[in-house]
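*Asks:* Quick one: the structure is below, questions incoming.
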Amino acid sequence: MTQSLDYLKETASQTAGPYVHIGLAPGAAGFDIYRQELGWDIAGPNARGERIRVEGIVIDGTGSPVKDVLLEAWQANADGIYAHPEGGGEVEDGFRGWGRVITDFATGEWGFDTVKPGSTPGRNIGPQAPHINLWIVARGINIGLNTRLYFEDEAEANAADPVLNLIEWERRRATLIAKRTERDGQTVYRFDIRLQGEEETVFFDI
Amino acid sequence: MTKPGEYYQRDRMWHPPAYDKDYKTSVTRSPQYSLISLQNSVSEITGPTFGHNDVDPLDNDLIKNYAQPGQSPIGERIIVHGRVLDENGRPVPNTLVEVWQANAGGRYRHKKDTYLAPIDPNFGGCGRTITDENGYYFFRTVKPGAYPWRNWVNDWRPAHIHLSIFGHAFAQRLITQMYFEGDPLIASCPIVNTIRDKAAVGQLIAALDKNATIPLDSIAYKFDIVLRGRRSTMFENRLEGN
């Protein structure tokens, strides 16, 4: 016999299921219940920095769009500070850094408006390139998938990013780089997420 | 600069695997490559914060939060209560807990649910609350019904409530489902059985808690939720990785 460590075990994950919208985005399920749903105010009008739009689609192993995904985004502000007591400082009023978005039931497209984050301190070596942390849940996803969106126009910072450089297969790093485009004068980053296949998006165990 | 204390590694043998052929939808939605393991940086040890501006006092009362004045939903009145803890056994205060569920007949108020059991005009099926300083939370609702679903031709979900919990770091983010003590459908549910460890399944089954019932009013179930614990920074680990 040895002493017991007395740690608790983390509650096991279960899929968010097809009706995740009821709990986390009831308007999309078809009814209005809360004074205010959560996750629409990732970067309010006062948030500093370049206004951008991020868009994409989640694609399953058959090449079809996944139309019942819920994504959450967590990002630093333009100065690289997270809105959290350990986030590296104070953020401006109106910057929250957290967003929640669902895919369109018909097309599978998702998108949100935010500001481009700044670079953040790495754990050990060098800064992390600007990135948005994403968490993806849906029917058929047994435990939420963590990934990161990096920006195409940050090539130099991306090349030095400690997390991208952890990915042994260089060609897989490209799955995390959002493509910069312009539409009606607005900057749009395109970030498609592939759950399977040769171009499967890199997912992290954080 | 002191390195942030990391969250304990997730036990991936305890959680369900991404791929489980008996939960058919997972087959084409499960990543095939291995996850890339990260040491926690500031991106993982931080996460969104929520306050009482974000929720209303009635949001945790599913018996009232969608009912017409003077009416209430059909079903067995229950209280679901418990604590959000971390793996060190410490309470997780001031964290957002969101729930959603079917009504007493097993029907969801969702445009994609076509089960023949009726919608309850007095039941929305979602709620949210913020844990108190001791990590405690509670909801009042009606017990959800079991319902059939298309997996194998005759699969039925046991009665369950979905829960979404944030904790204090994006690394702690969790969605799970709570089941009810004594439900015979638990053992044969392909979604429950994505979890291999029977003890992990047991941790998802809320116990009937007669001490917390309100006599002549509502029966109670207790459901504690455990989020990842965090390493204290007695010594820095060696410089490598990210």
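The values are calculated or read from the model by the stated rules, or taken from the named source; none is laboratory data. Quantities reported herein were computed from a predicted structural model and do not represent experimental measurements. Quick reminder, even Gly has a Cβ in these numbers, built from the backbone with ideal geometry, and neighbours come from all protein chains shown. Ligands, DNA and RNA are excluded from the accessible area calculation, which covers all protein heavy atoms including side chains. Shrake-Rupley method; radii C 1.70, N 1.55, O 1.52, S 1.80 Å.
*Asks:* As an exercise, use a Förster radius of 45 Å and the Cβ-Cβ distance of A:Asp205 and B:Thr114 to find the FRET efficiency, rounded to the nearest 0.05. It would help to have the intermediate numbers written out before the result.
*Replies:* Values: r = 37 Å, r/R0 = 0.82.
Efficiency computed from Cβ-Cβ geometry: 0.75.
*Asks:* Could you please tell me the mean projected area of the C-alpha convex hull for the protein assembly as shown, averaged over all directions and given in square nanometres to one decimal? Could the numbers behind the result be given before it?
*Replies:* Values: hull surface 91.7 nm².
Result: 22.9 nm².
*Asks:* Would you mind working out the accessible area per residue for chain A, using a 1.4 Å probe, and quoting it in Å²?
*Replies:* Details: 8250 Å² over 206 residues.
The answer is 40 Å² per residue.
*Asks:* Taking every DSSP beta bridge with both residues inside the protein assembly as shown, roughly what % is antiparallel (nearest 5)? Before the final figure, lay out each step's value.
*Replies:* Values: 65 of 84 bridges.
Approximately 75 percent, going by the DSSP bridge assignments.
*Asks:* Let me ask another. Rank B:Ala18, B:Val97, B:Val55 by how far each Cα sits towards the positive end of the charge dipole of the range B:1-120 (+1 on Lys, Arg Cβ; -1 on Asp, Glu Cβ) and give me just the farthest.
*Replies:* Positive-end residue among those listed: B:Ala18.
*Asks:* Now, a different point. Would you work out the Kirkwood radius for chain A? I mean one over the mean of 1/r across all pairs of different Cα atoms, in Å.
*Replies:* One decimal place: 18.3 Å for the Kirkwood radius.
*Asks:* To continue, here is another question. Give me the accessible area of A:Glu198, 1.4 Å probe, in Å² rounded to the nearest 10.
*Replies:* Looks like 140 Å² after rounding.
*Asks:* Continuing with the same structure: Counting pairs of alpha carbon atoms under 8 Å apart in space and at least six apart in sequence, what relative contact order in percent does the range A:76-206 give? Intermediate values should be presented prior to the final figure.
*Replies:* On the way: 190 pairs, mean separation 21.9, N = 131.
Relative contact order of the range A:76-206: 17 percent.
*Asks:* Taking the inverse of the average 1/r across all pairs of different Cα atoms in the range A:25-109, what Kirkwood radius in Å do you get?
*Replies:* Result for the range A:25-109 stands at 14.7 Å.
*Asks:* For chains A and B, what's the summed buried accessible area, probe 1.4 Å, to the nearest 100 square angstrom?
*Replies:* Roughly 8000 Å² of accessible surface disappears when A and B pair.
*Asks:* Given a 1.4 Å probe and the protein chains all in place, what does the accessible area of A:Lys179 round to, in Å² to the nearest 10?
*Replies:* 100
*Asks:* Tell me the label-point distance for the pair B:Ile219, A:Arg183, using the 7 Å Cα-to-Cβ offset, in nm and rounded to one decimal.
*Replies:* 5.1
*Asks:* Whats the longest run of chain B with zero GluC sites (Glu not before Pro) that are DSSP loop and have at most 15 other Cβ atoms within 10 Å?
*Replies:* Result, exposed sites excluded: B:1-75.
*Asks:* Would you mind getting me the FRET efficiency between B:Leu58 and A:Asp104? Use the beta-carbon distance for r and R0 = 25 Å, nearest 0.05.
*Replies:* After rounding, the FRET efficiency stands at 0.25.
*Asks:* Taking the Cβ-Cβ separation of B:Ile74 and B:Ser37 as r and a Förster radius of 51 Å, what is the calculated FRET efficiency to the nearest 0.05?
*Replies:* 0.60
*Asks:* With all protein chains present, how much of the accessible area of chain B (probe radius 1.4 Å) comes from carbon and sulfur, to the nearest whole percent?
*Replies:* Values: 5930 of 10770 Å².
Carbon and sulfur: 55 percent of the exposed surface of chain B.
*Asks:* Note down the magnitude of the dipole of the range A:107-185 about its Cα centre, charges +1 on Lys and Arg C-beta and -1 on Asp and Glu C-beta and zero elsewhere, to the nearest 20 debye.
*Replies:* With Lys and Arg at +1 and Asp and Glu at -1, about 320 debye.
*Asks:* Within 10 Å of each candidate Cβ there may be at most 16 other Cβ atoms; applying that plus a DSSP loop requirement, which chymotrypsin sites (Phe, Trp or Tyr not before Pro) in the range B:152-195 survive? Write out the running numbers ahead of the final one.
*Replies:* Values: sites: B:Trp152, B:Trp156, B:Phe166, B:Phe170, B:Tyr179, B:Phe180; in loops: B:Trp152, B:Phe166.
Here the chymotrypsin sites (Phe, Trp or Tyr not before Pro) that fit, given the DSSP loop and packing criteria, are B:Trp152.
*Asks:* Run through the range A:158-206 and list the chymotrypsin sites (Phe, Trp or Tyr not before Pro) located in a DSSP loop whose Cβ has at most 12 other Cβ atoms within 10 Å.
*Replies:* Here the chymotrypsin sites (Phe, Trp or Tyr not before Pro) that fit, given the DSSP loop and packing criteria, are A:Trp169.
*Asks:* Projected onto the charge dipole of the range A:64-206 (+1 at Lys/Arg Cβ, -1 at Asp/Glu Cβ, origin at the Cα centre), which of A:Val115, A:Ala73, A:Gln186 gives the Cα projection farthest towards the positive end?
*Replies:* Highest projection toward the positive end goes to A:Ala73.
*Asks:* Once the dipole of chain B is set up with Lys and Arg at +1 and Asp and Glu at -1 on Cβ about the Cα centre, which of B:Ala159, B:Ile36, B:Ile130 lies farthest towards its positive end?
*Replies:* Checked the options; the winner is B:Ile36.
*Asks:* Something else now. Please give the average number of partner chain Cβ atoms lying within 10 Å of the Cβ of each residue in B:45-53, rounded to a whole number. Could the numbers behind the result be given before it?
*Replies:* Numbers: counts 6, 14, 11, 14, 7, 3, 0, 0, 1.
Neighbouring Cβ atoms belonging to other protein chains average 6 per residue here.
*Asks:* Quick one: with all protein chains in place, what share of the accessible area of chain A is carbon or sulfur, to the nearest percent (1.4 Å probe)?
*Replies:* Of all accessible area on chain A, carbon and sulfur atoms account for 49 percent.
*Asks:* Other chains near A:80-87: what is the mean number of their Cβ atoms within 10 Å of each residue's Cβ? Intermediate values should be presented prior to the final figure.
*Replies:* Values: counts 1, 2, 7, 4, 9, 3, 8, 6.
The per-residue average across the peptide is 5.
*Asks:* About the Cα centre of the protein assembly as shown, what is the dipole size in debye to 20, counting +1 per Lys and Arg Cβ and -1 per Asp and Glu Cβ, all else neutral? Could you put the intermediate results ahead of the total?
*Replies:* On the way: 48 positive and 58 negative charges, 201 e Å.
That gives the protein assembly as shown a dipole magnitude of about 960 debye.
*Asks:* Could you give me D for chain B, from Stokes-Einstein at 37 °C and 0.692 mPa s, where the hydrodynamic radius is the Kirkwood radius over C-alpha pairs? Units µm² s⁻¹, please.
*Replies:* Taking Rh from Cα pairs, D becomes 167 µm²/s.
*Asks:* Hey, another quick one. On the full set of protein chains, 1.4 Å probe, figure out the accessible area of A:Ile143 and give it in Å² to the nearest 10.
*Replies:* Here the residue's solvent-accessible area equals roughly 20 Å².
*Asks:* Reachable lysines from B:Lys64, Cα under 26 Å, same-chain residues fewer than 8 places away excluded?
*Replies:* B:Lys111, B:Lys112, B:Lys143, B:Lys210, B:Lys222
*Asks:* Could you rank B:Met178, A:Met1, B:Met13 by how accessible they are, 1.4 Å probe, largest area first?
*Replies:* Result, largest first: A:Met1, B:Met13, B:Met178.
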